[in-house]
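The values are calculated or read from the model by the stated rules, or taken from the named source; none is laboratory data. All values derive from a computational prediction rather than experimental measurement. Note: ideal-geometry Cβ built from the backbone for every residue, glycine included; neighbour counts use all protein chains shown.
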Amino acid sequence: MVERGCPTALIRLMRDIGNPNGIGAVGFTDSHIDALVAGTRVQQRLLAQAPLPPTDEDLATIFQGSAQNW
């Protein structure tokens, strides 16, 4: 079965251009998550666009899930 759709196309493009496979590929580990969450908190212009206010746990989960994208 051939996968189709936008996510598949984006992954293919990111691989083709040599995009790192997540934040883990550029050196971030679980030990960095607290600092990443703290750094995100100061970016209120970005957080204000979220449909619900994200908790620190929400942000940590996002960063943990971003360690490897494919």
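Side notes on the structure shown:
- Residue list for segment 1-19, restricted to those being without any contact (Cβ under 8 Å) to a residue 12 or more places away in the chain and among the basic types (Lys, Arg): ARG4, ARG12
- Residue that is surrounded by the most Cβ atoms within 10 Å (Cβ to Cβ), among those in segment 1-34 that are within 16 Å of GLY65 (Cβ to Cβ) and polar (S, T, N, Q): ASN21
- Considering segment 35-70, and only residues there that are polar (S, T, N, Q) and part of a loop (DSSP other than H, G, I, E, B), the residue that is surrounded by the most Cβ atoms within 10 Å (Cβ to Cβ) turns out to be ASN69.
- If the condition is being of a type outside the set (S, T, N, Q), free of Cβ contacts under 8 Å to residues at least 24 places away in the same chain and within 23 Å of LEU10 (Cβ to Cβ), then segment 20-53 contributes PRO20, VAL26, GLY27, LEU46, ALA50, PRO51.
- The residue that is nearest to GLY27 (Cα to Cα), among those in segment 54-69 that are in contact (Cβ under 8 Å) with a residue 24 or more places away in the chain and touching a helix residue (DSSP H, G or I) at 6+ places or on another chain (Cβ under 6 Å), is ALA67.
- Taking (1) modelled with pLDDT under 90; (2) part of a helix (DSSP H, G or I); (3) basic (Lys, Arg) in turn, ARG15 satisfies each apart from (1).
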